Amino acid sequence: MNALLAKTDIEGLKLLRRGKVRDVYAVGQDKLLLVATDRLSAFDHILPTPVPGKGEILTRISAFWFAKTADIAPNHMISADLGEIRGELPRDVRLDGSFDGRTMLAWKARRLDVECVVRGYLAGSGWKEYQSSRTICGQKLPEGLLDASKLPTPIFTPAAKNDNGHDENICLSDFTKVVGGDEVAAEAQRLSLKLYAYAAELLSSKQLLLADTKFEFGLRGGKLIVIDELLTPDSSRVWEAGSWKPGTTPASFDKQFVRDYLERSGWDKASIPPALPQDVVDGTIRRYREFLGKVTA
Ligand SMILES: Nc1ncnc2c1ncn2[C@@H]1O[C@H](COP(=O)(O)OP(=O)(O)O)[C@@H](O)[C@H]1O
Ligand SMILES: [Mg+2]
(Lines give C-alpha, C1' and ligand atoms only; values in the text may rest on other atoms or scores of the structure.)
(Ligands and ions follow the chains in the order given, each with its own letter.)
Protein backbone atom coordinates (compact mmCIF):
# COMPACT_ATOMS: atom_id res chain seq x y z
CA MET A 1 0.00 0.00 0.00
CA ASN A 2 1.08 3.55 -0.71
CA ALA A 3 2.41 6.10 1.74
CA LEU A 4 0.19 8.91 2.88
CA LEU A 5 -1.05 11.32 0.20
CA ALA A 6 -3.40 14.03 1.47
CA LYS A 7 -3.11 16.56 -1.35
CA THR A 8 -1.72 16.60 -4.87
CA ASP A 9 -0.24 19.22 -7.17
CA ILE A 10 0.47 17.81 -10.60
CA GLU A 11 2.61 20.05 -12.69
CA GLY A 12 1.43 20.40 -16.27
CA LEU A 13 -2.24 19.51 -15.60
CA LYS A 14 -4.99 21.95 -14.79
CA LEU A 15 -6.57 21.35 -11.39
CA LEU A 16 -10.33 21.65 -11.86
CA ARG A 17 -11.45 20.89 -8.38
CA ARG A 18 -10.50 19.53 -5.01
CA GLY A 19 -13.40 17.45 -3.75
CA LYS A 20 -13.56 16.25 -0.21
CA VAL A 21 -11.59 13.16 -1.24
CA ARG A 22 -10.55 13.48 -4.91
CA ASP A 23 -8.33 15.97 -6.69
CA VAL A 24 -9.66 16.35 -10.24
CA TYR A 25 -7.51 17.46 -13.20
CA ALA A 26 -8.42 18.16 -16.82
CA VAL A 27 -6.86 15.92 -19.46
CA GLY A 28 -7.54 17.48 -22.85
CA GLN A 29 -11.11 18.55 -23.54
CA ASP A 30 -13.03 15.42 -22.68
CA LYS A 31 -11.14 13.49 -20.00
CA LEU A 32 -10.40 13.83 -16.31
CA LEU A 33 -7.70 12.53 -14.05
CA LEU A 34 -9.14 11.67 -10.64
CA VAL A 35 -6.70 11.14 -7.81
CA ALA A 36 -8.26 9.70 -4.67
CA THR A 37 -6.28 11.14 -1.78
CA ASP A 38 -6.24 9.84 1.79
CA ARG A 39 -8.55 12.61 2.99
CA LEU A 40 -11.48 11.40 5.04
CA SER A 41 -14.73 13.28 5.34
CA ALA A 42 -17.54 12.77 7.83
CA PHE A 43 -20.64 14.83 8.51
CA ASP A 44 -19.67 16.90 5.45
CA HIS A 45 -16.34 18.00 6.93
CA ILE A 46 -12.87 17.01 5.85
CA LEU A 47 -11.21 15.62 8.96
CA PRO A 48 -7.75 16.94 9.89
CA THR A 49 -6.32 13.41 10.07
CA PRO A 50 -5.90 11.58 6.75
CA VAL A 51 -6.03 7.79 6.59
CA PRO A 52 -2.92 6.39 4.83
CA GLY A 53 -3.78 4.16 1.89
CA LYS A 54 -7.51 4.94 1.87
CA GLY A 55 -7.46 6.59 -1.58
CA GLU A 56 -5.89 3.53 -3.12
CA ILE A 57 -8.43 1.20 -1.53
CA LEU A 58 -11.31 3.36 -2.77
CA THR A 59 -9.95 3.45 -6.30
CA ARG A 60 -9.36 -0.30 -6.40
CA ILE A 61 -12.89 -0.97 -5.18
CA SER A 62 -14.42 1.47 -7.68
CA ALA A 63 -12.35 0.04 -10.54
CA PHE A 64 -13.55 -3.46 -9.63
CA TRP A 65 -17.22 -2.42 -9.75
CA PHE A 66 -16.86 -0.21 -12.84
CA ALA A 67 -15.41 -3.18 -14.72
CA LYS A 68 -18.05 -5.61 -13.39
CA THR A 69 -21.06 -3.42 -14.10
CA ALA A 70 -20.13 -1.77 -17.41
CA ASP A 71 -22.78 -3.79 -19.25
CA ILE A 72 -25.47 -2.86 -16.70
CA ALA A 73 -24.71 0.85 -16.77
CA PRO A 74 -22.00 2.58 -18.79
CA ASN A 75 -19.47 4.45 -16.65
CA HIS A 76 -16.64 6.95 -16.83
CA MET A 77 -13.66 4.65 -16.29
CA ILE A 78 -11.03 4.61 -19.02
CA SER A 79 -8.18 3.17 -16.95
CA ALA A 80 -6.97 2.75 -13.39
CA ASP A 81 -3.62 1.38 -14.49
CA LEU A 82 -0.87 3.92 -13.85
CA GLY A 83 1.27 2.70 -16.75
CA GLU A 84 -1.62 3.06 -19.18
CA ILE A 85 -2.61 6.41 -17.73
CA ARG A 86 0.91 7.80 -18.08
CA GLY A 87 0.72 6.92 -21.78
CA GLU A 88 -2.40 9.08 -22.18
CA LEU A 89 -0.96 12.20 -20.52
CA PRO A 90 1.13 14.97 -22.07
CA ARG A 91 4.78 13.95 -22.09
CA ASP A 92 5.96 16.54 -19.59
CA VAL A 93 3.52 15.34 -16.90
CA ARG A 94 5.16 13.08 -14.35
CA LEU A 95 3.19 10.85 -12.00
CA ASP A 96 5.45 9.11 -9.51
CA GLY A 97 4.72 5.87 -7.67
CA SER A 98 2.63 7.65 -5.02
CA PHE A 99 -0.16 7.84 -7.62
CA ASP A 100 -0.15 4.10 -8.23
CA GLY A 101 -3.48 2.44 -7.51
CA ARG A 102 -5.26 5.63 -6.53
CA THR A 103 -5.54 7.32 -9.91
CA MET A 104 -8.22 6.94 -12.55
CA LEU A 105 -8.48 8.35 -16.04
CA ALA A 106 -12.13 8.98 -16.82
CA TRP A 107 -14.50 10.47 -19.37
CA LYS A 108 -15.60 13.92 -18.40
CA ALA A 109 -19.36 14.26 -18.03
CA ARG A 110 -21.85 16.98 -17.22
CA ARG A 111 -22.69 16.00 -13.68
CA LEU A 112 -26.28 15.71 -12.48
CA ASP A 113 -26.28 17.62 -9.20
CA VAL A 114 -27.99 14.86 -7.28
CA GLU A 115 -27.04 11.79 -5.34
CA CYS A 116 -28.95 8.76 -6.60
CA VAL A 117 -29.44 6.83 -3.37
CA VAL A 118 -30.88 3.32 -3.28
CA ARG A 119 -31.89 1.79 0.04
CA GLY A 120 -32.56 -1.87 0.71
CA TYR A 121 -32.64 -1.40 4.49
CA LEU A 122 -33.61 1.41 6.83
CA ALA A 123 -30.65 3.32 8.25
CA GLY A 124 -29.16 6.76 8.75
CA SER A 125 -31.23 9.66 7.43
CA GLY A 126 -33.78 7.19 6.02
CA TRP A 127 -34.44 5.77 9.48
CA LYS A 128 -34.70 9.31 10.89
CA GLU A 129 -37.24 10.39 8.27
CA TYR A 130 -39.21 7.15 8.70
CA GLN A 131 -39.50 7.68 12.45
CA SER A 132 -41.04 11.10 12.03
CA SER A 133 -43.28 10.52 8.99
CA ARG A 134 -43.32 6.82 7.95
CA THR A 135 -41.92 7.96 4.61
CA ILE A 136 -38.57 8.42 2.89
CA CYS A 137 -38.38 11.13 0.24
CA GLY A 138 -42.16 11.30 0.40
CA GLN A 139 -42.56 7.58 -0.37
CA LYS A 140 -44.90 5.79 2.03
CA LEU A 141 -43.44 2.78 3.87
CA PRO A 142 -45.19 0.10 5.94
CA GLU A 143 -45.76 0.55 9.68
CA GLY A 144 -43.67 -1.26 12.26
CA LEU A 145 -40.20 -1.11 10.68
CA LEU A 146 -37.19 -0.88 13.00
CA ASP A 147 -33.71 0.61 12.61
CA ALA A 148 -31.91 -1.69 10.10
CA SER A 149 -35.14 -3.38 8.96
CA LYS A 150 -35.14 -4.75 5.44
CA LEU A 151 -37.46 -2.78 3.15
CA PRO A 152 -40.16 -4.71 1.24
CA THR A 153 -38.29 -3.77 -1.93
CA PRO A 154 -35.26 -1.53 -2.59
CA ILE A 155 -36.30 2.11 -3.03
CA PHE A 156 -34.81 5.06 -4.87
CA THR A 157 -34.42 8.05 -2.51
CA PRO A 158 -32.50 10.87 -4.21
CA ALA A 159 -30.71 13.69 -2.41
CA ALA A 160 -29.68 17.13 -3.62
CA LYS A 161 -25.90 17.41 -3.99
CA ASN A 162 -24.97 20.62 -2.23
CA ASP A 163 -21.36 21.43 -2.96
CA ASN A 164 -20.71 23.38 0.20
CA GLY A 165 -23.07 21.81 2.65
CA HIS A 166 -25.30 19.03 3.64
CA ASP A 167 -26.90 16.68 1.10
CA GLU A 168 -30.64 16.58 1.70
CA ASN A 169 -33.32 14.10 0.69
CA ILE A 170 -35.60 15.40 -2.06
CA CYS A 171 -38.87 14.13 -3.49
CA LEU A 172 -39.06 12.57 -6.93
CA SER A 173 -40.61 15.63 -8.55
CA ASP A 174 -37.79 17.88 -7.31
CA PHE A 175 -35.32 15.26 -8.49
CA THR A 176 -36.90 15.35 -11.95
CA LYS A 177 -36.60 19.14 -12.04
CA VAL A 178 -32.94 19.16 -10.98
CA VAL A 179 -31.85 16.56 -13.54
CA GLY A 180 -33.75 18.28 -16.32
CA GLY A 181 -36.78 16.17 -17.16
CA ASP A 182 -38.68 12.91 -16.96
CA GLU A 183 -36.54 10.96 -19.35
CA VAL A 184 -33.20 11.50 -17.60
CA ALA A 185 -34.88 11.07 -14.20
CA ALA A 186 -36.43 7.73 -15.18
CA GLU A 187 -33.16 6.46 -16.67
CA ALA A 188 -31.09 7.46 -13.61
CA GLN A 189 -33.60 5.71 -11.37
CA ARG A 190 -33.67 2.59 -13.54
CA LEU A 191 -29.87 2.32 -13.69
CA SER A 192 -29.54 2.97 -9.94
CA LEU A 193 -31.97 0.20 -9.04
CA LYS A 194 -30.30 -2.23 -11.46
CA LEU A 195 -26.84 -1.48 -10.06
CA TYR A 196 -28.12 -1.88 -6.52
CA ALA A 197 -29.75 -5.23 -7.31
CA TYR A 198 -26.60 -6.56 -8.97
CA ALA A 199 -24.29 -5.38 -6.19
CA ALA A 200 -26.57 -6.53 -3.37
CA GLU A 201 -26.65 -10.02 -4.83
CA LEU A 202 -22.90 -10.19 -5.37
CA LEU A 203 -22.27 -8.95 -1.83
CA SER A 204 -24.77 -11.33 -0.28
CA SER A 205 -22.73 -14.23 -1.69
CA LYS A 206 -19.92 -12.85 0.51
CA GLN A 207 -22.11 -12.60 3.60
CA LEU A 208 -22.42 -8.85 3.25
CA LEU A 209 -25.60 -6.76 3.16
CA LEU A 210 -25.79 -3.62 1.05
CA ALA A 211 -27.93 -1.44 3.32
CA ASP A 212 -27.76 1.57 1.02
CA THR A 213 -25.53 3.21 -1.54
CA LYS A 214 -25.36 6.33 -3.63
CA PHE A 215 -24.50 6.78 -7.27
CA GLU A 216 -23.52 9.86 -9.22
CA PHE A 217 -24.37 10.20 -12.89
CA GLY A 218 -23.32 12.56 -15.62
CA LEU A 219 -24.31 13.13 -19.23
CA ARG A 220 -21.80 12.38 -21.94
CA GLY A 221 -22.90 12.73 -25.54
CA GLY A 222 -26.54 12.71 -24.43
CA LYS A 223 -26.12 9.44 -22.52
CA LEU A 224 -26.08 8.85 -18.77
CA ILE A 225 -22.90 7.37 -17.36
CA VAL A 226 -21.92 6.53 -13.79
CA ILE A 227 -19.19 8.87 -12.56
CA ASP A 228 -17.05 9.54 -9.47
CA GLU A 229 -16.88 6.29 -7.47
CA LEU A 230 -18.88 3.11 -7.25
CA LEU A 231 -19.97 0.97 -4.31
CA THR A 232 -17.12 1.94 -1.99
CA PRO A 233 -17.25 2.19 1.81
CA ASP A 234 -17.39 5.99 1.35
CA SER A 235 -20.53 5.79 -0.78
CA SER A 236 -22.22 2.73 0.70
CA ARG A 237 -23.39 1.31 3.97
CA VAL A 238 -22.39 -2.34 4.11
CA TRP A 239 -23.14 -4.67 6.99
CA GLU A 240 -21.92 -8.09 8.00
CA ALA A 241 -24.85 -10.40 7.38
CA GLY A 242 -24.07 -12.37 10.53
CA SER A 243 -24.45 -9.35 12.80
CA TRP A 244 -27.66 -8.02 11.24
CA LYS A 245 -30.66 -7.82 13.52
CA PRO A 246 -33.43 -5.24 13.06
CA GLY A 247 -33.55 -2.88 16.02
CA THR A 248 -29.78 -2.95 16.47
CA THR A 249 -26.90 -1.39 14.54
CA PRO A 250 -25.04 -4.11 12.62
CA ALA A 251 -21.23 -4.19 12.34
CA SER A 252 -20.32 -2.22 9.24
CA PHE A 253 -17.43 -1.57 6.87
CA ASP A 254 -18.19 2.03 6.16
CA LYS A 255 -17.46 5.28 7.94
CA GLN A 256 -19.80 4.49 10.81
CA PHE A 257 -16.76 3.65 12.94
CA VAL A 258 -15.42 7.19 12.48
CA ARG A 259 -18.86 8.77 12.90
CA ASP A 260 -19.27 6.90 16.20
CA TYR A 261 -15.95 8.28 17.41
CA LEU A 262 -16.91 11.82 16.40
CA GLU A 263 -20.27 11.51 18.17
CA ARG A 264 -18.47 10.37 21.34
CA SER A 265 -15.90 13.18 21.09
CA GLY A 266 -18.49 15.87 21.72
CA TRP A 267 -17.63 17.72 18.49
CA ASP A 268 -20.45 20.09 17.46
CA LYS A 269 -20.21 19.14 13.73
CA ALA A 270 -19.85 22.83 12.86
CA SER A 271 -16.43 23.92 14.16
CA ILE A 272 -13.11 22.47 12.99
CA PRO A 273 -13.30 18.69 13.54
CA PRO A 274 -10.99 17.03 16.08
CA ALA A 275 -7.95 14.98 15.08
CA LEU A 276 -8.54 11.23 15.01
CA PRO A 277 -6.65 9.07 17.50
CA GLN A 278 -4.37 6.44 15.99
CA ASP A 279 -6.66 3.55 16.92
CA VAL A 280 -9.54 5.16 15.00
CA VAL A 281 -7.28 5.68 11.95
CA ASP A 282 -6.08 2.06 12.20
CA GLY A 283 -9.59 0.71 12.70
CA THR A 284 -10.86 2.63 9.68
CA ILE A 285 -8.15 1.46 7.33
CA ARG A 286 -8.54 -2.11 8.59
CA ARG A 287 -12.28 -2.03 7.76
CA TYR A 288 -11.73 -0.50 4.32
CA ARG A 289 -9.01 -3.04 3.51
CA GLU A 290 -11.15 -5.91 4.72
CA PHE A 291 -13.98 -4.72 2.48
CA LEU A 292 -11.64 -4.55 -0.54
CA GLY A 293 -10.44 -8.08 0.24
CA LYS A 294 -13.93 -9.52 0.63
CA VAL A 295 -15.40 -7.80 -2.42
CA THR A 296 -12.61 -8.66 -4.83
CA ALA A 297 -11.94 -12.18 -3.47
N1 LIG B 1 -16.55 11.73 -14.87
C2 LIG B 1 -16.80 12.85 -14.20
N3 LIG B 1 -17.24 13.96 -14.86
C4 LIG B 1 -17.49 15.10 -14.17
N5 LIG B 1 -17.34 15.25 -12.83
C6 LIG B 1 -16.93 14.17 -12.13
C7 LIG B 1 -16.64 12.93 -12.77
N8 LIG B 1 -16.25 12.05 -11.82
C9 LIG B 1 -16.29 12.71 -10.65
N10 LIG B 1 -16.69 13.99 -10.82
C11 LIG B 1 -16.80 15.04 -9.78
O12 LIG B 1 -15.48 15.24 -9.27
C13 LIG B 1 -15.51 15.44 -7.86
C14 LIG B 1 -14.75 14.30 -7.17
O15 LIG B 1 -14.37 14.65 -5.89
P16 LIG B 1 -14.94 13.98 -4.56
O17 LIG B 1 -13.92 14.15 -3.52
O18 LIG B 1 -15.44 12.62 -4.85
O19 LIG B 1 -16.17 14.98 -4.33
P20 LIG B 1 -17.19 15.20 -3.13
O21 LIG B 1 -16.59 16.27 -2.27
O22 LIG B 1 -18.40 15.69 -3.86
O23 LIG B 1 -17.37 13.89 -2.46
C24 LIG B 1 -16.97 15.47 -7.49
O25 LIG B 1 -17.43 16.80 -7.54
C26 LIG B 1 -17.63 14.64 -8.59
O27 LIG B 1 -18.98 14.95 -8.76
MG1 LIG C 1 -17.48 11.97 -4.51
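Put a plus charge on the Cβ of each Lys and Arg, a minus charge on the Cβ of each Asp and Glu, and nothing anywhere else: the dipole of the chain about its Cα centre is then about 180 debye.
How big is the charge dipole of the range 111-259 about its Cα centre, in debye rounded to the nearest 20, if each Lys and Arg gets +1 on its Cβ and each Asp and Glu gets -1 on its Cβ?
It works out to roughly 320 debye.
Taking every alpha-carbon pair in the range 14-108 and binning the separations at 5 Å intervals from zero gives 3, 13, 22, 24, 19, 12, 5, 1 percent. Taking GluC sites (Glu not before Pro) as exposed when their DSSP state is a loop state and no more than 14 other Cβ atoms lie within 10 Å, the longest site-free interval of the chain runs over 144-297.
Backbone N atoms of the range 205-221 closer than 13 Å to the 7 Å Cα→Cβ label point of Arg259 belong to residues 211-214. Under a model in which nothing but the beta-carbon of Lys, Arg (+1) and Asp, Glu (-1) is charged, the range 94-197 shows a dipole of about 220 debye around its Cα centre.
Springs join every pair of Cα atoms under 10 Å in this Gaussian network model of the chain, and among Gly101, Gly19, Gly221 the largest mean-square fluctuation is at Gly221. Set the Förster distance to 45 Å, then compute FRET efficiency between Ser243 and Arg86 from the Cβ-Cβ distance, nearest 0.05. Using R0 = 45 Å, I get an efficiency of 0.60. The alpha-carbon of Lys7 sits under 22 angstrom from the alpha-carbons of these lysines, leaving out residues fewer than 8 places away in its chain: Lys20, Lys31, Lys54, Lys108, Lys255.
Give me the net charge for the shell around Asp100: Cβ to Cβ below 10 angstrom, other residues only, Lys and Arg +1, Asp and Glu -1. Summing Lys and Arg as +1 and Asp and Glu as -1 gives -2.
A Förster radius of 41 Å, combined with the Cβ-Cβ distance separating Glu183 from Ser204, puts the computed FRET efficiency at roughly 0.80.
Equivalent-ellipsoid semi-axes for the chain (Cα gyration tensor, √(5λ), whole Å, largest first): 30, 24, 18. Think of the range 111-259 as a dipole: +1 on every Lys or Arg Cβ, -1 on every Asp or Glu Cβ, centred on the Cα centre; then among Ser252, Leu224, Val179, Ser252 lies furthest on the positive end. Scaling against 2.2 N^0.38 Å puts the C-alpha radius of gyration of the range 111-259 at 1.02.
A full extension of the chain between Asp9 and Arg190 corresponds to an added length of 61.4 nm, given 0.36 nm per residue minus the alpha carbon distance. Its DSSP H runs of at least 4 residues, each contributing -39,500 (n - 2.57), put the calculated 222 nm mean residue ellipticity of the chain at -10000 deg cm²/dmol, to the nearest 500. Once the convex hull of all Cα atoms in the range 1-68 is built, its volume per residue stands at 108 Å³. Averaged per residue, the chain has 46 square angstrom of accessible surface, using a 1.4 angstrom probe with ligands and nucleic acids left out. Given a 10 angstrom Cα cut-off, can you work out which residue in Gly283, Gly87, Gly124 is the most mobile in a GNM of the chain? Its mean-square fluctuation being the largest, the pick is Gly87.
Within the accessible area of the range 100-175, the carbon and sulfur atoms contribute 50%, probe 1.4 Å, all protein chains present. Cα centroids of the range 1-68 and the range 177-226: how far apart, whole angstrom? Taking the Cα centre of the range 177-226 as reference, the centre of the range 1-68 is 22 Å away.
The values are calculated or read from the model by the stated rules, or taken from the named source; none is laboratory data. Fair warning: this is a prediction, and the values are worked out from it, not measured in the lab. Cβ: placed from backbone, ideal geometry, glycine included. Neighbour counts: every protein chain shown. For accessibility, only protein heavy atoms count, side chains too; no ligands or nucleic acids. Shrake-Rupley method; radii C 1.70, N 1.55, O 1.52, S 1.80 Å.
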